[in-house]
Amino acid sequence: MRYQISGKHLDVGASLQQHVKDGLASIIEKFAERPTEAVVTFSKNGYNFVCEASVHLSTGLSVNASASATEIYDSFEGCAERMEKQLRRYKRRLKDHHNQRSSPVESAGASSYILASEDTDEDSAEPDTLQPVIIAEMKTKIQSLSVGEAVMQMELAGESVLVFKNEGHKGLNVVYRRKDGNIGWIDAETAQSA
């Protein structure tokens, strides 16, 4: 497995790097088969250290976690604990997912944009235009998954929304976390045939 351990405006020493490698290796060998890459980034937020980790699995799925603590080693331990909890929850599905697939998850390229947020003060005047201001453009991937795999990927990535290509009919679908805690699923293919 490839490790990329870095710090934003922090010096990440060899001891911490080895600690991270050993910790991730022990967690991942218990719950997932053949991880390909782990990206761990440390940063400072006020008095706290923040650890963000992302592990990419050979099946095409990825697991994300983050934690914050006053000590840098404690921030990694919290992050590793969250990642282990996510992997433990989905261990059986990850194993089944790996056995059912003969090839990794397919993904197609797409563009992702970040739009400037507008202050929505009730007293403020109406905006001059309805065109949003794009402040960043990035490349992203849209994976080809079943609905169950999409829900699992959304949970593992810690996201509230996931856009994916449905393996059944190749149409775009969306799964999202609702305010009531349930998962919503939007299937564009079903809407077109109705």
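Computed from the coordinates by the stated procedures, all read-outs in this text should not be read as laboratory data. On a predicted model such as this, the values are computed, not experimentally measured, just so you know. Here the Cβ is made from the backbone with ideal geometry for all residues, glycine too, and neighbour counts use every protein chain on show.
Pulled fully out, how much extra length does the chain show between T36 and K85, if you take 0.36 nm times their separation in residues and subtract their Cα-Cα distance?
Stretched out fully, the T36 to K85 stretch lengthens by 15.7 nm.
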Residues I134, I27, sorted so that the one with the fewest Cβ neighbours within 10 Å comes first: I134, I27
Among the listed pairs K8/K165; K8/K170; K21/K165; K30/K179; K85/K165; K85/K170, those beyond 29 Å (Cα-Cα): K8/K165; K8/K170; K21/K165; K30/K179; K85/K170
Cα→Cβ-extended label distance, 7 Å offset, between K179 and E167, nm: 3.4 nm
Relative packing of peptides 167-179, 62-74, 144-156, 1-13 - highest average C-beta neighbours within 10 Å first: 144-156, 62-74, 167-179, 1-13
Cα-projected label distance for N48 with I142, points at 7 Å along beta-carbon direction, nm: 3.5 nm
Under-5 Å amide H pairs with I5, H placed in peptide plane, nonlocal only: V40
Phi-based couplings in Hz for the range 78-83 (Karplus 6.51, -1.76, 1.60; Gly and Pro marked x): x, 5, 5, 5, 5, 5
Segment S15-I186, length gained on full extension (0.36 nm per residue, minus Cα span): 56.9 nm
Share antiparallel - DSSP beta bridges, the range 2-90, percent rounded to 5: 75 percent
